[in-house]
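The values are calculated or read from the model by the stated rules, or taken from the named source; none is laboratory data. For clarity, every value in this text was computed on a predicted model and none was experimentally measured. With ideal geometry, Cβ positions are generated from the backbone for all residues, glycine too; neighbour counts draw on all protein chains shown. Heads up: the accessible areas ignore ligands, DNA and RNA and are worked out on the full protein's heavy atoms, side chains in. Shrake-Rupley method; radii C 1.70, N 1.55, O 1.52, S 1.80 Å.
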Amino acid sequence: MNKIHLIHTADWHLSEKEKNKIKARKNLDQMLEYSSENNVDGLIIAGDLWDRIQPFGNDSAIKLAYEYLDAFAKVMKFIFIIKGNSFHDAPQSVELLNNFRDNIITVEKNAAIGFNLKNKCEVNDLFESTTKKEIDLLIHGIAYPNKIFTESYKGIDIQNEIFLDHFNQLLEFHGSISNTYQNVPKLTVFHGNVMGAKLSSGQIIIGQELVIPTFTIEKTGSNYYALGHIHLPQNIKSNIRYSGSLYNKDFGEQENKSYDTLELANDDINVTTIKFKQNRPMITVEAEFKDGKILYDKNIPKGAELKFKCRISEKERSLLTDEIISNMKNEYGSDVKIEYCIIPVEISARSTEIMKAKTLLEEVKEYMRLINEEYTLSLEEKLIALETELMVELR
Ligand SMILES: [Mn+2]
């Protein structure tokens with residue numbers, strides 16, 4: 001086997017939402033075009049294929065997945081997919097694709113797969129086999145780890161430390177398989193949070209996360225680590241990398257999304273990042289509505305998907321007309337979002353007047369005046385009692 005040419009991508013988040021489907025399609029088309037023109041041997045999808053459990057019916061993204069996986073399966077030798085976080089990739093939602101095409105291999109827990117690419121892409125499960133196989137690529141697939149990750153610990157609510165201990169042992173087992181295949185290029189595909197990863201400000205991590213140190217991951221003894229889960233493309237080390245997600249999904253994901261191509265020849269790996277041409281950064285713009293105008297920093301990248309977070313005082317609310325909104329849509333596209341943060345009158349006054357108050361009594365008096373409420377003696381008595389009570393408690 002000369003060089004093996006792979007694509008590393010992750011976090012496709014195929015979704016029933018039309019807007020997300022359009023974004024996914026554009027970038028999948030680009031990746032597919034590259035694959036058919038450049039003799040790509042295999043596609044690696046490092047988890048979160050789905051955005052959530054897909055409904056049946058017309059808007060389901062299952063059709064979209066089948067359409068593209070079929071097209072990729074036709075132009076390359078294999079597709080390797082691991083399961084992501086259960087919130088996105090529900091149990092068995094990835095496994096179901098296993099039988100869709102012969103050359104689609106899916107992993108829902110963990111597996112070591114030996115590929116013989118010369119021989120019509122023969123696939124060997126190295127967990128099962130006792131004899132050494134004739135292979136030219138070894139892939140360790142490690143799905144999103146949770147505390148019930150391995151069969152034997154199912155149902156036991158173990159602590160992180162104990163979990164990591166088990167996880168280390170598991171990856172050492174992967175490493176022992178690597179040792180058997182010294183001269184074969186080895187790849188680990190992992191979905192999860194590796195220590196040192198940076199989030200783009202938009203990505204929301206759901207649930208409690210296990211953060212895995214790099215030295216744990218490296219126990220598999222691979223030449224390269226193709227990661228998924230973090231949507232911002234980045235290197236953790238020169239051979240440990242998140243390819244990033246397929247498209248900009250949440251506001252705050254400002255970066256240009258991309259995919260990676262890997263060229264493997266024994267221990268030598270060449271990685272190239274290819275940016276998606278039709279990327280739309282998703283940007284939140286801080287704005288203020290004042291004297292009938294929306295004010296903001298006009299230094300906005302062209303073509304971005306925008307959300308204006310607009311502060312507006314209650315008294316000026318009536319000045320915000322439909323015309324102003326439609327002007328914004330004309331300028332920034334019909335999908336521009338404007339979110340209002342309405343500042344009540346008394347709060348805006350509070351910042352200047354009440355700040356000067358030296359005691360709780362003064363502060364309350366000033367506040368009552370601002371909101372046109374009567375300040376009574378009985379209220380003052382209550383306040384003094386409250387203050388005394390607090391003093392007693394503090395002592
Ligand atoms: Mn994801």
- Of the residues N103, N27, which single one is under 21 Å from I142 (Cα atoms) and away from the ligand (no atom under 14 Å from the Cβ)? N103
- Task: Among the residues of the stretch 69-99, count how many are open to solvent by 40 Å² or more (accessible area, probe 1.4 Å) and either of a type outside the set (F, W, Y) or away from the ligand (no atom under 16 Å from the Cβ) (or both).
- Result: 10
- Candidates K237, K198 - the one that is among the charged types (D, E, K, R) and either under 14 Å from I45 (Cα atoms) or within 15 Å of the ligand (Cβ to nearest atom) (or both): K198
- Taking the stated definitions as given, is K249 open to solvent by 30 Å² or more (accessible area, probe 1.4 Å), under 28 Å from Y340 (Cβ atoms) and within 16 Å of the ligand (Cβ to nearest atom)? yes
- Query: Would the stretch 37-52 turn up any residue that is within 15 Å of the ligand (Cβ to nearest atom), part of a helix (DSSP H, G or I), touching a residue at least 24 places away in the same chain (Cβ under 8 Å) and surrounded by fewer than 23 Cβ atoms within 10 Å (Cβ to Cβ)?
  - Reply: no
- Task: May I ask you to say which residue of K237, K249, K290 is without any contact (Cβ under 8 Å) to a residue 40 or more places away in the chain and under 23 Å from the mean Cα position of the chain (by Cα)?
- Result: K237
- Message: Tally up the residues in the stretch 299-345 that are in contact (Cβ under 8 Å) with a residue 24 or more places away in the chain, over 17 Å from F251 (Cα atoms) and of a type in the set (V, I, T), please.
- Response: 5
- Note on the structure: The number of residues in the stretch 14-36 that are outside any helix (DSSP H, G or I) and hydrophobic (A, V, I, L, M, F, W, C) is 1
- Note on the structure: Every listed condition ((1) in a strand (DSSP E or B); (2) closer than 18 Å to V345 by Cα) holds for L306 save (2)
- Considering only residues of the stretch 204-228 that are in contact with a His (Cβ under 8 Å, 6 or more places away or on another chain) and open to solvent by 10 Å² or more (accessible area, probe 1.4 Å), which is farthest from H8 (Cα to Cα)? K219
- Task: Please determine, by comparing only the residues of the stretch 54-68 that are small (G, A, S) and more than 16 Å from the ligand (Cβ to nearest atom), which one is surrounded by the most Cβ atoms within 10 Å (Cβ to Cβ).
- Result: S60
- Task: Out of F100, F80, F72, report the one residue that is part of a strand (DSSP E or B) and in contact (Cβ under 8 Å) with a residue 12 or more places away in the chain.
- Result: F80
- Query: What are the pairs, 6+ residues apart or on separate chains, where a residue within the stretch 255-276 that is within 19 Å of P185 (Cβ to Cβ) has its Cβ under 6 Å from a residue that is aromatic (F, W, Y) and modelled with pLDDT of 95 or more?
  - Reply: I269/Y224
- Message: Among the residues in the stretch 172-191, are any within 16 Å of the ligand (Cβ to nearest atom), assigned to a loop (DSSP other than H, G, I, E, B) and within 22 Å of the chain's Cα centre (by Cα)?
- Response: no
- Mind listing just one residue for me: the one in the stretch 305-328 that is in contact with a helix residue (DSSP H, G or I) (Cβ under 8 Å, 6 or more places away or on another chain) and over 12 Å from I342 (Cβ atoms) and, of those, surrounded by the fewest Cβ atoms within 10 Å (Cβ to Cβ)? F308
- Task: Determine if the stretch 192-203 includes at least one residue that is on the phi < 0 side of the Ramachandran plot and at pLDDT 95 or above.
- Result: no
- Note on the structure: Exception for L32 within (1) within 30 Å of V211 (Cβ to Cβ); (2) open to solvent by 20 Å² or more (accessible area, probe 1.4 Å); (3) away from the ligand (no atom under 16 Å from the Cβ); (4) of a type in the set (A, V, I, L, M, F, W, C) falls at (1)
- Query: For the stretch 254-276, which residues satisfy the criterion of being at pLDDT below 95 and under 18 Å from R25 (Cα atoms)?
  - Reply: N256
- For the stretch 110-142, how many residues meet the condition of being in a loop (DSSP other than H, G, I, E, B) and under 16 Å from P185 (Cα atoms)? 9
- Task: Would you point out which residue out of S35, S93, S86, S60 is in contact with a helix residue (DSSP H, G or I) (Cβ under 8 Å, 6 or more places away or on another chain) and not aliphatic (A, V, I, L, M)?
- Result: S35
